[in-house]
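Single-structure report; data block below.
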Amino acid sequence: MKFTEQQIKDLNAQFKGIPPEEIISWAFQYAQNAVVTTNFRPYEVAILHAVTDVEKDVPVIWCDTGYNTPNTYRHAEELIDTLGLNIKLYVPKQTAAHRDAIMGIPDIEDPRHAIFTEQVKLEPFKRAMEEHKPDVWFTNLRKGQTALRDTLDILSQSKDGVLKVSPFYHWNDAQLDAYLAHLGLPNEHKYFDPTKVLENRECGLHT
């Protein structure tokens, strides 16, 4: 189902302050083919727990750049095991070792940075979305992360009609800390995204 711009606006106003689980349950009513994406960065456990608590077997797309920290990989394995995640792993077509020998991790001002980002993040993501063809896409985007994300909301819709659902959009770190503590869920802060360089830079998946 494709929503009009006004419908999305009205729903966002209605959903502000509503528990994430209720938003997720609402979205699944319209989903023929839902997915949740993750990179196991800090606070990703919140969306993974909330979505799989409503629909246990939802495909969880993990685009692994190959440059995650050991802490992130251990955290990912812990969550995959404890939450029973239906992981769909996508990795770049080139190994990190190959790329390191040819270009390394280019600086943000380096013309090769766009090629690097395409190889390690955008191409695997496009491949994942093409294979799964979701109509509902759950993410953990939150307001205040980047300038682009500040223009979004709980619900947004792509040009091809994919409904992006970010149920924790209006939550801050303190609220999420309390949420995770209440549920006894682990978090991990030693995370590295080689495509961003700057903490508040957009990675390209949501543009």
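A compact table of results
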{"quantity": "Cross-chain or 6+ apart pairs with Cβ under 9 Å, region 107-124 first and farther than 14 Å from Thr95 by Cα, then in a helix (DSSP H, G or I)", "calculated": "Asp107/His113; Asp110/Phe116"}
{"quantity": "Boolean, Ile80 is at negative phi, at pLDDT 95 or above and surrounded by 13 or more Cβ atoms within 10 Å (Cβ to Cβ)", "calculated": "yes"}
{"quantity": "Condition check for Arg112: at pLDDT below 95 and open to solvent by 60 Å² or more (accessible area, probe 1.4 Å)", "calculated": "yes"}
{"quantity": "Residue count, region 62-83 (criterion: within 23 Å of Tyr179 (Cβ to Cβ) and either under 11 Å from the mean Cα position of the chain (by Cα) or aromatic (Phe, Trp, Tyr) (or both))", "calculated": "1"}
{"quantity": "Qualifying positions in region 5-30 - of a type outside the set (Phe, Trp, Tyr) and open to solvent by 70 Å² or more (accessible area, probe 1.4 Å)", "calculated": "Glu5, Gln6, Gln7, Lys9, Asp10, Ala13, Gln14, Lys16, Gly17, Glu22, Gln29"}
{"quantity": "Looking only at region 165-176, and only at residues there that are open to solvent by less than 20 Å² (accessible area, probe 1.4 Å) and not aromatic (Phe, Trp, Tyr), the one that is nearest to Ala34 (Cα to Cα)", "calculated": "Val165"}
{"quantity": "Qualifying residue in region 131-138 (condition: open to solvent by 10 Å² or more (accessible area, probe 1.4 Å) and either assigned to a helix (DSSP H, G or I) or within 20 Å of Asn68 (Cβ to Cβ) (or both))", "calculated": "yes"}
{"quantity": "Filter result for Pro92 (closer than 29 Å to Gln119 by Cα, touching a Gly at 6+ places or on another chain (Cβ under 8 Å) and surrounded by 15 or more Cβ atoms within 10 Å (Cβ to Cβ))", "calculated": "yes"}
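The values are calculated or read from the model by the stated rules, or taken from the named source; none is laboratory data. This structure is a prediction, so every number in the text was calculated from the model and none was measured. Neighbour counts run over all protein chains shown; Cβ positions are idealised from the backbone, glycine included. Only protein heavy atoms, including side chains, enter the accessible area calculation; ligands, DNA and RNA are left aside. Shrake-Rupley method; radii C 1.70, N 1.55, O 1.52, S 1.80 Å.
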